[in-house]
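The values are calculated or read from the model by the stated rules, or taken from the named source; none is laboratory data. No experiment lies behind these values; they were computed from the predicted model shown. Methodologically, a virtual Cβ is constructed for each residue, glycine included, from the backbone with ideal geometry; neighbour enumeration extends over all protein chains shown. Protein only, heavy atoms only, side chains kept; ligands, DNA and RNA dropped before computing areas. Shrake-Rupley method; radii C 1.70, N 1.55, O 1.52, S 1.80 Å.
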Amino acid sequence: MLNKDKIQGVDISINYCGLKLQSPYILASGPLSFSAEGMIKAHEYGVGAVVTKTIRMGRAINPVNHITKVSGGNTLLNCEKWADTDKELWCSREIPMAKEAGVTVIASVGHTLAEAKLIVKDVEEAGADMIELVSYEVETMLPMLEYTLKTVSVPVICKLGGGWSHHAEVAKKCIEMGANGICAIDSIGPALKIDIEKASPELQSENGYGWLTGSAIRPFSVRINSEIARENPEFKGLYGTGGCMSVDDTIEFLMVGSNAVGVCSVGILNGIEYIERMCYGLSKRVYELGYESLDQVIGAALPKFKNTELITRLDFNFTAHGTLDKDFKNKCIKCNKCVKVCSYDARVLEFPVMTVDSELCRDCGVCVSVCPTASLTAEFADQTETDISKANESLEFYNIVARENM
Ligand SMILES: Cc1cc2nc3c(=O)[nH]c(=O)nc-3n(C[C@H](O)[C@H](O)[C@H](O)COP(=O)(O)O)c2cc1C
């Protein structure tokens, strides 16, 4: 459980689907929620709710070597199947034991209507606070949802597949049918990693394929969450999952309208203890950003989505000798990254002087994004936005001219 004395900023407890959660972090279905012990540990380290490993009628048998890190980042590839223990054990031991320890339990149920019919009532009776439905196809999810809503009285969440298309449309349909929550998204794939020493696929699934999770999928998931939130502004049951690896990533999800944030890979890679640090960090960071509550952060970026492009120049600020605080902020460490990434050779650093040739610079902004200490920053020279339809009109004009000259 979180220590209230260590919450140094805003209150991070939330209300999700009518339940009070100690934090907005939901441990997503995966190896960390393999049993009651894993779920209780996650609860002790601050997660607000825990999704069980997906329960199906048969227990999974996984191939050897079924999770691997994709080099160069916090990205994982896995071919792990659903729970390797059966429904009876989940209902007689895992769920009741986690409930007894005070865990908010979301039972993940997959992957077919036939299985939902045999599982959802039993997990509710075992004490699950909510049910999360997961399936490979939209066509399967909708009947599973319809049946589950008729059968149980706890809130029902639909988890959207990473590879599905039109997530916002599917979410809308599920919400219209009565879903209380939407989890967007599941892992993305299939994807492949080759072990170059063995010249062989690294994962030992039938075809060597696996599913991507972690930081590589975050921008994709954030975009989908923003679309679902924009389509359903009144809906308060959206939780974003996919690549939340840090406090700042959490805030990104909240800002696009996620009401809670699922975490899986971050706990696998850093240990579930890391979530406790993220909880305290989130409270402080939100406060430092100038917000008084998580509610103020949720959806904060949504009004900024406009059908306009910003076409202007960047005004750069460079601080060579800024304050060297404990995060090494605002001080140039002469790494030269900003110079190296400039495709146009517009930037020169002759410490402590940085110059940029504005004739060569195209204002792409990558130099600022790679600065590890924020000693190089930039602001928009002006805020005049260009209506995309006007830009498209002129493009259409050139296309017509081009066609006529063919
Ligand atoms: C090893 C592993 C096993 C997973 N098993 C399940 C599962 O049984 N059921 C499920 O719905 N999602 C499962 N997931 C997907 C996660 O719940 C989550 O949606 C995905 O990992 C994206 O979140 P992340 O980037 O924070 O890891 C699994 C993910 C990993 C990495």
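Would you please name the residue that is modelled with the highest pLDDT, looking only at residues in region 368-398 that are surrounded by 14 or more Cβ atoms within 10 Å (Cβ to Cβ), in a loop (DSSP other than H, G, I, E, B) and not hydrophobic (A, V, I, L, M, F, W, C)?
The qualifying residue modelled with the highest pLDDT is 375.
If you check 47, 64, which single one turns out to be in contact with a Phe, Trp or Tyr (Cβ under 7 Å, 6 or more places away or on another chain) and in a loop (DSSP other than H, G, I, E, B)?
Criteria check complete, one pass: 47.
With the condition being within 13 Å of the ligand (Cβ to nearest atom) and of a type in the set (A, V, I, L, M), I'd like the helices (runs of 4 or more DSSP H) fully within region 233-336 carrying at least 1 qualifying residues.
265-270, 273-288
Taking region 69-105 only, how many residues are out of contact with any helix residue (DSSP H, G or I) (no Cβ under 9 Å at 6 or more places or on another chain) and within 11 Å of the ligand (Cβ to nearest atom)?
Residues meeting the conditions: 5.
So which of 115, 132 is open to solvent by less than 10 Å² (accessible area, probe 1.4 Å) and of a type in the set (Asp, Glu)?
Exactly one residue qualifies, and that residue is 132.
In region 14-47, how many residues are farther than 19 Å from residue 293 by Cα, open to solvent by less than 40 Å² (accessible area, probe 1.4 Å), more than 15 Å from the ligand (Cβ to nearest atom) and out of contact with any Gly (no Cβ under 9 Å at 6 or more places or on another chain)?
Our first condition is that a residue be farther than 19 Å from residue 293 by Cα; within region 14-47, this holds for 27-45.
Retained after the next criterion (residues that are open to solvent by less than 40 Å² (accessible area, probe 1.4 Å)): 27-30, 33, 35-36, 38-40, 42-43.
After this cut, where a residue has to be more than 15 Å from the ligand (Cβ to nearest atom) as well, the list is 36, 40, 43.
Then keep just the ones that are out of contact with any Gly (no Cβ under 9 Å at 6 or more places or on another chain); that gives 36.
Matching residues across region 14-47 total 1.
What tally of residues in region 1-38 results from selecting those that are within 20 Å of residue 243 (Cα to Cα) and in a helix (DSSP H, G or I)?
Here the count works out to 3.
If the requirement is being modelled with pLDDT under 95 and either away from the ligand (no atom under 15 Å from the Cβ) or surrounded by 20 or more Cβ atoms within 10 Å (Cβ to Cβ) (or both), which of these qualifies: 206, 176? Lay out the reasoning, then the answer.
Details: 176 fails: modelled with pLDDT under 95.
After applying the criteria, what remains is 206.
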